[in-house]
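The values are calculated or read from the model by the stated rules, or taken from the named source; none is laboratory data. What you see is a predicted model; the values in this text were computed from it and never measured. Don't worry about glycine lacking a Cβ; one is built from the backbone with ideal geometry, like all the others, and counts go over all protein chains shown. Note: areas computed on protein heavy atoms with side chains; ligands, DNA, RNA excluded. Shrake-Rupley method; radii C 1.70, N 1.55, O 1.52, S 1.80 Å.
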Amino acid sequence: MLDPWRLKLLGDLATLGTVRAVARAAHLSPSTVSQQLAVLEREAGARLFERAGRRLRLTGAGEALARHARAILDQMDAARAELAALDDAGAPAGRITVGAFTSAANTFVLAAALLLRRRHPGLRVDVRELDPSESLPALRRGDCDVVVTADLFDGSSPVDEDVRHTSLATDRVVLVTAASAPPSGAPVDLASHAGAVWSAERPGTWTHTLITRACRRAGFEPDIGALFASYGPLLAHVEAGLSVTLLPELAVDPRYEVAAHPLREPLQRRITAAVRSTTASRPPLTALLAALTETAPHRGR
């Protein structure tokens with residue numbers, strides 16, 4: 001018999017890449033994870049792992065079992081969820097978790113949660129703030145049932161047959177400056193701001209990658225002089241005239257006195273709601289996807 005808990009550790013290893021990362025996600029020690037994976041290998045009766053330096057790498061058999069593990073665990077979750085997914089009247093019920101990037105969480109994701117609370121009082125929606133770079137791994141691990149995520153302006157996003165995307169909206173990218181430089185209405189050439197100080201979120205986040213790639217495409221390396229963990233202090237820095245930045249229009253909070261300028265070479269992100277293919281038909285998730293589609297911004301769709 002293959003133990004479901006050990007199968008989850010295997011699936012996490014396939015997603016996260018290292019035993020140490022699996023241990024952090026599972027709140028275990030690396031040695032405990034290694035021991036449990038060794039037990040799983042004996043249970044499977046096949047060589048699942050090989051050493052690559054100090055790292056543990058999946059063999060072909062290990063990758064195959066990891067794919068089956070995700071399907072097995074999703075089926076188990078589906079069986080549990082189906083028992084709890086409908087109330088006595090047949091309406092969606094239970095508890096689901098949606099992960100979303102900051103500007104989506106602040107706007108239409110919360111609106112969708114409120115809409116569902118009115119329509120289906122027996123359904124609880126928990127919200128987790130996640131950068132787009134974190135959302136799909138969280139979905140695959142089962143930390144979230146649905147994630148609202150965005151690709152980069154060049155359309156680069158992971159392709160995964162186990163994940164189903166529902167298109168919600170497109171959101172154009174704008175140059176954000178202090179309000180003392182009001183928008184003229186004319187598109188801005190990024191190269192004209194090559195000498196400016198730029199602000200961004202921390203390296204590895206969606207906005208940091210956006211700024212770096214867009215400025216390099218315009219022919220210069222951005223001088224990033226300010227790094228922040230969220231949009232609030234970033235916009236305050238721009239508002240004070242200390243920097244400029246690139247943001248999706250949805251992230252430009254009207255509470256800050258800043259100006260948003262369209263770009264001469266238009267950039268936009270595609271916003272989607274992603275679910276695991278094996279769970280997409282569950283009534284609570286279909287209800288949430290419908291609410292997200294209804295409340296998402298309609299511009300550019």
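Overview of results
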quantity	calculated
Cα pair distances in the chain, grouped into 20 Å bins until the bin that holds the longest one, percent each	30, 50, 20, 0
For Ala169, residues with placed amide H under 5 Å, excluding near neighbours	Ile271
Within segment 152-292, percent of DSSP bridges classed antiparallel, to nearest 5	70 percent
Packing-based ranking, highest mean first, of 141-148, 22-29 given that Cβ atoms within 10 Å are counted	141-148, 22-29
Cα-centred dipole magnitude for the chain, charges only on beta-carbon of K, R (+1) and D, E (-1), debye, nearest 20	560 debye
Charge tally in the Cβ shell below 14 Å around Arg264, where Lys, Arg are +1 and Asp, Glu are -1, Arg264 excluded	0
Helical segments meeting 27 Å axial Cα length and Kyte-Doolittle -1.0 threshold in the chain (DSSP H)	60-84
Interchain or long-range residues, amide H under 5 Å from Arg124's placed H	Gly94, Arg95, Ile96
Chain lengthening between Ala38 and Gln75 when straightened (0.36 nm per residue, less Cα-Cα)	10.9 nm
Surrounding net charge for Cys215, when Lys and Arg each add one and Asp and Glu each subtract one, Cβ distance under 11 Å	+1
log10 of Debye I(q)/I(0), alpha-carbon scatterers only, for segment 179-218 at 0.20, 0.28 Å⁻¹	-0.74, -1.05
Positive-pole candidate from Leu246, Pro137, Val188, dipole of the chain, charges at beta carbon	Pro137
Segment 139-272, Rg to Rh (Cα coordinates; Rh as Kirkwood inverse mean 1/r)	0.99
J(HN,Hα) series, segment 256-271, from Karplus relation 6.51 cos²θ - 1.76 cosθ + 1.60, nearest Hz, glycine and proline x	9, 7, 10, 10, 10, 10, x, 9, 5, 9, x, 10, 8, 10, 9, 9
Potential lengthening between His68 and Arg216 on full extension [0.36 nm per residue; Cα-Cα distance subtracted]	49.2 nm
Cβ-Cβ FRET estimate between Thr286 and Arg255, R0 fixed at 35 Å, reported to 0.05	0.50
Structure-based [θ]222 nm, the chain - -39500 (n - 2.57) summed over DSSP H runs of at least 4, per residue, nearest 500	-12000 deg cm²/dmol
Other-chain or far-sequence residues with amide H under 5 Å of Val188's (modelled H)	Leu263, Arg264
Linear extension gain, Ala179 paired with Leu242, 0.36 nm per residue minus alpha-carbon span	21.5 nm
Accessible-area composition of the chain, carbon plus sulfur, in percent [1.4 Å probe]	52 percent
Cβ-based charge dipole, segment 1-136, positive-most Cα from Ala14, Leu28, Ala52	Ala52
